[in-house]
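Reading through the structure tokens given below for one structure.
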Amino acid sequence: MGVVFAKTPKGHDEIATKAGGLSPRVRRLLIFVDGKRSVEELRGMLPADDLQHTLGMLEEEGYIEFHDIAGLPPGAASPAALPAVTAFSELPSTPDPVRLQQARNFMINTLNAFVGALGTSSLLDRLENAAGHLELRALYDEWYHSIVMSRDGKREAESLRGKLLNVI
């Protein structure tokens, strides 16, 4: 069972015209999204450590959209019931300082472990000074990009992303 995406009209236009300026790797993924292959099948076909992030970017920019869930009978799940690939969990009604500190520590520790403090000192400072979940979430893309751009972090990117999305 897995989520299946399909190209939108914008996605089909991108394949035909290359007007969106997607990188070759992202464009290749867009080509493979066909409304039949699940995310798990795409993972097996493409050596992309940041597949979830790339699918999320394509979804957010309107190139692909949720199509189906492979392995479920038709009509068993509606697209409205599923979150976007990069969706954050709903924020608690009252601020949770423990979750906030867990997310902050996770982001800082993973940057230090996989990238190093020298290349990310500005981001580390902003993470340390973030006043709440919304500020940490605003730094999420920059954190993820830094992790993916490191040699060791690239291998662990999806796992780290999933763990962070559980607390952020």
Extension reserve of the residue 32-residue 154 stretch, reckoned as 0.36 nm per residue once the Cα distance is removed | 41.8 nm
Nearest-0.05 FRET efficiency for residue 60 and residue 166 at R0 = 25 Å, using Cβ-Cβ distance, is 0.80
Can you grab the distance from the C-alpha centre of region 146-166 to the C-alpha centre of region 12-62, Å, no decimals?
-> 19 Å
For the chain, with only Lys/Arg (+1) and Asp/Glu (-1) charged at the beta-carbon, what is the dipole magnitude about the Cα centre, in debye rounded to 20?
-> 360 debye
Please report the relative contact order for the chain, taking Cα pairs under 8 Å with a sequence separation of at least 6, and give it as a percent rounded to a whole number.
-> 25 percent
Using Cα positions and a limit of under 17 Å, work out the lysines in reach of residue 10, with same-chain residues fewer than 8 apart set aside.
-> 18
From the coordinates shown, volume of the Cα convex hull per residue in Å³ corresponds to which of [x] 107; [y] 129; [z] 140 | [y]
For residue 67, distant residues with modelled amide H under 5 Å away | 4, 5, 6
In nm, the gap between the two label points placed 7 Å beyond Cα toward Cβ at residue 126 and residue 41 is 3.9 nm
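Each reported figure results from applying straightforward, stated rules to the coordinates on display, with no laboratory input. On a predicted model such as this, the values are computed, not experimentally measured, just so you know. Note that we place each Cβ from the backbone using ideal geometry, even for glycine, and neighbour counts take in every protein chain shown.
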